[in-house]
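The values are calculated or read from the model by the stated rules, or taken from the named source; none is laboratory data. All figures in this text were calculated on a predicted structure; none of them were measured in a lab. FYI the Cβ positions are ideal-geometry reconstructions off the backbone, even for glycines, and counts take in every protein chain you see.
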Amino acid sequence: MNCKSYYFFNVMANETRWKIINSLFESDKFVSDLCKDISEEQSKVSHNLKILLNCSIVFSKRQGKYIKYSINKKTIKPLIKLIKEHTNEFCNGKCNIKK
């Protein structure tokens, strides 16, 4: 399928990336902070950050020898807020996908 929005939601649907997005929703962070927040190894977090960066879901800014990551505040932060409002109001456990 050659559809940008389909690819976008596929990127967002990954559990590790979703944890990173939710962590960055609260505040900007370095990789080491993200690793602690989501209990994942640095290599896995860095790999998934690269994918999020490619889609401009997150941005990076060098601070000395470290890189600080932030969520895209223009589009992604409002989208995540809307998703949280929707799930809190309408899902109530009904959105579970049975494998």
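Can you tell me which condition Lys61 does not meet? The list is (1) within 12 Å of the chain's Cα centre (by Cα); (2) at pLDDT 95 or above, and all the others hold.
(1)
Could we say that Ser23 is out of contact with any His (no Cβ under 7 Å at 6 or more places or on another chain), surrounded by fewer than 14 Cβ atoms within 10 Å (Cβ to Cβ), part of a helix (DSSP H, G or I) and of a type in the set (Ser, Thr, Tyr) here?
no
Which residue pairs have Cβ atoms under 9 Å apart, sit 6 or more places apart or on different chains, and have a first residue in region 42-65 that is without any contact (Cβ under 8 Å) to a residue 60 or more places away in the chain and among the acidic types (Asp, Glu) and a second that is surrounded by fewer than 12 Cβ atoms within 10 Å (Cβ to Cβ) and in a strand (DSSP E or B)?
Listed pairs, sorted by first residue: none to list.
Do we have any residue at all in region 7-16 that's hydrophobic (A, V, I, L, M, F, W, C), under 15 Å from Ile76 (Cα atoms), without any contact (Cβ under 8 Å) to a residue 40 or more places away in the chain and out of contact with any strand residue (DSSP E or B) (no Cβ under 7 Å at 6 or more places or on another chain)?
yes
With the checklist (1) part of a helix (DSSP H, G or I); (2) touching a residue at least 12 places away in the same chain (Cβ under 8 Å); (3) not β-branched (Val, Ile, Thr) in hand, flag the one item Lys68 doesn't pass.
Exception for Lys68: condition (1).
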